[in-house]
Amino acid sequence: MSDPLATPEHETTPDAEASAIAAVAQAAVEEADHAMRHWADPSPEPVKLGSPRHLSLFCNMLLQTHNPYKPAVIEWPQLSPEALGRVTSLPIWDIAVQTEGRASIRVETFAATVQEPLLRRALEMDGTEEARHKVVLSKLVQAYGIPLAPEPSYPPPDDPEWGWLVTGYSECIDSFFAFGLFAAAKRSGFFPAELVETFEPVIQEEGRHILFFVNWAAWYRRNLPWWRRPLFALKVARVWAFLIWERIGIARGIDPDGVAQDANFTMNGSVALGEALSPRSMIELCLAENERRMAGYDSRLLRPETVPRLARLARRLLR
């Protein structure tokens, strides 16, 4: 006689059902993560810089590699007292939150000026992701009890194009070094593996953003009337001068809003993250990580070149 309390073969227990749901959710997360890092346009045709196909290529790259993770439901891993002390001691959280706050309003302001529908959609996606980065960082500092200075206001820039250029080129600089510093923190165990896995999508998104930006800049320059190109080149030069001056201020311990910050984190960051690297080794790590994070995208897209080129020059001088 069969046991009336036994579970029929075609039925599942609550634990088995929960495990199945968790497995499906994990598979969806892994699929979204893979899609964020690997993208190619299905058409194999060559793409001319500045063409409508070029515009479609870099806009679709950003739109189709969007990872729909939600900061509100991120499960921040519990850290040991030692790991928590290391994370909370980093002198980056105030300026990181404020940088993302400024970036999101600058991108959104510029997006509102763009008439081309596909480009505007991509820019709006970029701005949304920048705002999400700020939320992620805010949730992180809240989860680990990291005190922050009062946030300044983030007014929209008077010149939307200037604000967009500052954001794009600033990310080209900062992401290059962030790739290396994040890898150093992961390799040294400064960040626990669970925290690395949780924060990884934010780092990769920055790679997508700078890939989108450098292709926009090339497309935009090619489509300007010839008489406007020198003015645009001058504007870009002014942006680079502004960013260099801004980073000199940060290195001295003052952020762009005049608030004191711990100095020289980018230069000495590998020591702070638990792995003392020589300047040459740090540059090599940044170059390798930059190449790795860009490798999964369509080869016809331009890659950021200015900062890697300067880094290679610096590496030669350090021999």
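Partners of LYS235 within straight-line reach, counting aspartates and glutamates whose Cα lies under 14 Å from its Cα and excluding those fewer than 8 residues away in the same chain: ASP159, GLU161.
Tally Lys and Arg at +1 and Asp and Glu at -1 over the other residues with C-beta under 12 Å from the C-beta of ARG309: what net charge comes out?
Values: positive: ARG303, ARG312, ARG315, ARG316; negative: GLU305.
Computed value for this residue: +3.
Put simply, segment 167-227 fits an ellipsoid with semi-axes of 33, 10, 6 Å; these come from the alpha carbon gyration tensor as the roots of five times its eigenvalues, largest first. Between segment 166-230 and segment 105-141, the C-alpha centres lie 14 angstrom from each other. Computed extension length for GLU291-LEU84: 71.4 nm, one decimal, from 0.36 nm per residue of separation with the Cα-Cα distance subtracted. When the Cα atoms of segment 72-167 are aligned to their principal axes, the ranges along those axes come out at 51, 25, 16 Å in descending order. Between GLU45 and ARG316, the C-beta separation translates, for a Förster distance of 41 Å, into a calculated FRET efficiency of about 0.65. Using 0.36 nm per residue and subtracting the Cα-Cα separation, the extra length available between LEU63 and GLU75 on full extension is 1.8 nm.
Would you calculate the convex hull of the Cα atoms in segment 101-145 and tell me its volume per residue in Å³?
Values: hull volume 1.8 nm³, N = 45.
So the per-residue hull volume is 41 Å³.
Remark: spin-label model distance TRP245-TRP227 equals 3.0 nm, labels positioned 7 Å along the Cα→Cβ axis. Can you compute the label reach from HIS38? Point 7 Å from Cα along the Cβ direction, backbone N cut-off under 20 Å, restricted to segment 277-301. Output list for this probe position: 289-301. Distance between the pseudo-spin-label points of SER188 and GLN115 (7 Å out from Cα toward the beta carbon): 5.2 nm.
Taking a straight line from the alpha carbon of LYS134, these lysines sit under 25 Å away, with near neighbours fewer than eight places off in the same chain left out: LYS70, LYS186.
A short reminder: the numbers here are calculations on the coordinates, not readings from a lab. Keep in mind the model is a prediction, meaning the values are calculated, not measured. Don't worry about glycine lacking a Cβ; one is built from the backbone with ideal geometry, like all the others, and counts go over all protein chains shown.
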